[in-house]
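Asker: Attaching a single structure in structure tokens format; questions to follow.
The values are calculated or read from the model by the stated rules, or taken from the named source; none is laboratory data. Since this is a predicted model, take the numbers as computed values, not measurements. In this analysis, Cβ positions are derived from the backbone assuming ideal geometry, glycine residues included, and neighbour counts consider all displayed protein chains. Just the protein is used for accessible areas: all its heavy atoms, side chains included, with ligands, DNA and RNA removed. Shrake-Rupley method; radii C 1.70, N 1.55, O 1.52, S 1.80 Å.
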Amino acid sequence: MIFTLVLISIGALLLLVIGINVIQQQKERAEAERRTELARQRAIIDETEEVLSHTGMFPCSSQIIQVLYKRVEDALGLAINYAANQAGDYQRRQIDISAQVKSLAASPKQAPSIESFRLPDNDKQILTLVQVLKKLKAILRAEHNKGKVDPTIFSEEEGRIDSLQLRINVDSMLSRARAACFMKQYGSSKQMVTKALSTLHSIKAQTPNDPFIARKVDEAKTMLDEITGAQKQSYPVVKQDKKGEEDIDVLFQPKKKW
């Protein structure tokens, strides 16, 4: 009888230990998932706030600003559920962001003309701008796929981003072509201008009334003519040098015996 009670006690103890381990593992798994989800929401907040901090670099509409602030607001709301001791900080930030979202929603919609956009002179700023626009486009698509952006707004804002990316691409190619021409690297310069013209013509077929496209096509054609003219002017010097080399070869070639 005592032996049976001992066995039962040992079995109960084993079941208790197993149960405690299972509960502990579940708690650890839940904690890991909480940390992972909190990190994901923080990454969304950081990425969106980084894009917001650079919106002064290009003509940005109030609609896309509202999309960005709303994304931060939603991420903060989810982060509160996983923040544990930091929940109060996230709640305060969400209250501030919510106020900005309401203010933007109540204000008149503004969309500055992208015709006023000018490419930064600094290469580092250009790279930053390219990266920001790429992130902005990805965010806009992600929010639209979640049903959080009206299809009309999505179409308008994606078109604005595409147009800005086109301007940066074309202006950058023409700027590099000018620099190459100044360094008398006419082949490289002509190649970049030709590539810019090809890009412009392909876009012009889709948007024939875009004044930027027409203006840049004329600018690129003029630049191509200038490069071709400069390249032709450099040819006589090359030929003259070759003529001099031939004369030297004749002078020092072996004498013929008659």
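Asker: When the range 189-209 is examined, which residues are found to be open to solvent by 30 Å² or more (accessible area, probe 1.4 Å), assigned to a helix (DSSP H, G or I) and farther than 14 Å from Glu226 by Cα?
Answerer: Keep residues of the range 189-209 that are open to solvent by 30 Å² or more (accessible area, probe 1.4 Å), which gives 190-192, 194-195, 198-199, 201-209.
Add one more test, that the residue is assigned to a helix (DSSP H, G or I), and what stays is 190-192, 194-195, 198-199, 201-204.
Residues satisfying the conditions are Lys195, Ser198, Thr199, His201, Ser202, Ile203, Lys204.
Asker: Of the numbered conditions (1) open to solvent by 40 Å² or more (accessible area, probe 1.4 Å); (2) assigned to a helix (DSSP H, G or I); (3) touching a helix residue (DSSP H, G or I) at 6+ places or on another chain (Cβ under 8 Å); (4) aliphatic (A, V, I, L, M), Ala111 satisfies every one except a single condition; which is it?
Answerer: Ala111 satisfies every listed condition except (2).
Asker: With (1) under 19 Å from Leu140 (Cβ atoms); (2) aliphatic (A, V, I, L, M); (3) open to solvent by less than 40 Å² (accessible area, probe 1.4 Å) as the list, and Met57 as the residue in question, which single condition is left unmet?
Answerer: Tallying (1) under 19 Å from Leu140 (Cβ atoms); (2) aliphatic (A, V, I, L, M); (3) open to solvent by less than 40 Å² (accessible area, probe 1.4 Å), Met57 fails exactly one: (3).
Asker: Out of all the residues in the range 72-96, which are among the small types (Gly, Ala, Ser) and open to solvent by 50 Å² or more (accessible area, probe 1.4 Å)? Can you show your working first?
Answerer: Within the range 72-96, the subset among the small types (Gly, Ala, Ser) is 75, 77, 79, 83-84, 87-88.
Across the range 72-96, the qualifying residue is only Ala84.
Asker: Under the condition of being polar (S, T, N, Q) and touching a residue at least 40 places away in the same chain (Cβ under 8 Å), which residue from the range 158-217 is farthest from Gln131 (Cα to Cα)? Spell out the reasoning first.
Answerer: Residues of the range 158-217 that are polar (S, T, N, Q), as a first pass: 163, 165, 169, 172, 175, 185, 188-189, 191, 194, 198-199, 202, 206-207, 209.
From what is left, the residues that are touching a residue at least 40 places away in the same chain (Cβ under 8 Å) are 163, 172, 175.
On the way: Ser163: 15, Ser172: 15, Ser175: 19 Å.
Looking at the filtered set, the residue picked out is Ser175.
Asker: Just to be sure, is Gln100 assigned to a helix (DSSP H, G or I), among the polar types (S, T, N, Q) and either touching a residue at least 40 places away in the same chain (Cβ under 8 Å) or more than 30 Å from Ala30 (Cα to Cα) (or both)? Break it down into steps so the answer makes sense when it comes.
Answerer: Working: assigned to a helix (DSSP H, G or I): yes; among the polar types (S, T, N, Q): yes; either touching a residue at least 40 places away in the same chain (Cβ under 8 Å) or more than 30 Å from Ala30 (Cα to Cα) (or both): yes.
Yes: the conditions hold for Gln100.
Asker: Can you tell me which residue is modelled with the lowest pLDDT among those in the range 80-134 that are more than 20 Å from the chain's Cα centre (by Cα) and of a type in the set (Ser, Thr, Tyr)?
Answerer: Ser116
Asker: Is at least one residue of the range 63-71 open to solvent by 70 Å² or more (accessible area, probe 1.4 Å), modelled with pLDDT of 90 or more and assigned to a helix (DSSP H, G or I)? If you could, list the steps in order and put the result at the bottom.
Answerer: To start, the set of residues in the range 63-71 that are open to solvent by 70 Å² or more (accessible area, probe 1.4 Å) comprises 70.
When the remaining residues are screened for being modelled with pLDDT of 90 or more, the result is 70.
Keeping just the survivors that are assigned to a helix (DSSP H, G or I) gives 70.
Yes, that holds for at least one residue.
Asker: Let me ask another. State yes or no: is Ala142 among the aliphatic types (A, V, I, L, M), at negative phi and open to solvent by 40 Å² or more (accessible area, probe 1.4 Å)?
Answerer: Values: among the aliphatic types (A, V, I, L, M): yes; at negative phi: yes; open to solvent by 40 Å² or more (accessible area, probe 1.4 Å): no.
It is false that Ala142 is among the aliphatic types (A, V, I, L, M), at negative phi and open to solvent by 40 Å² or more (accessible area, probe 1.4 Å).
Asker: Do you know which residues across the range 190-211 are farther than 13 Å from Asn169 by Cα and at pLDDT below 85?
Answerer: Answer for the range 190-211, where residues must be farther than 13 Å from Asn169 by Cα and at pLDDT below 85: His201, Ser202, Lys204, Ala205, Gln206, Thr207, Pro208, Asn209, Asp210, Pro211.
Asker: For the range 1-49, which residues satisfy the criterion of being open to solvent by less than 60 Å² (accessible area, probe 1.4 Å) and either of a type in the set (Lys, Arg) or more than 30 Å from Lys70 (Cβ to Cβ) (or both)?
Answerer: Those that are open to solvent by less than 60 Å² (accessible area, probe 1.4 Å) and either of a type in the set (Lys, Arg) or more than 30 Å from Lys70 (Cβ to Cβ) (or both): Gly11, Ala12, Gly19, Arg34.
Asker: Given the structure, is Glu49 part of a helix (DSSP H, G or I), without any contact (Cβ under 8 Å) to a residue 24 or more places away in the chain, among the acidic types (Asp, Glu) and farther than 19 Å from Ala138 by Cβ?
Answerer: Numbers: part of a helix (DSSP H, G or I): yes; without any contact (Cβ under 8 Å) to a residue 24 or more places away in the chain: yes; among the acidic types (Asp, Glu): yes; farther than 19 Å from Ala138 by Cβ: no.
Against the criterion (part of a helix (DSSP H, G or I), without any contact (Cβ under 8 Å) to a residue 24 or more places away in the chain, among the acidic types (Asp, Glu) and farther than 19 Å from Ala138 by Cβ), Glu49 does not qualify.
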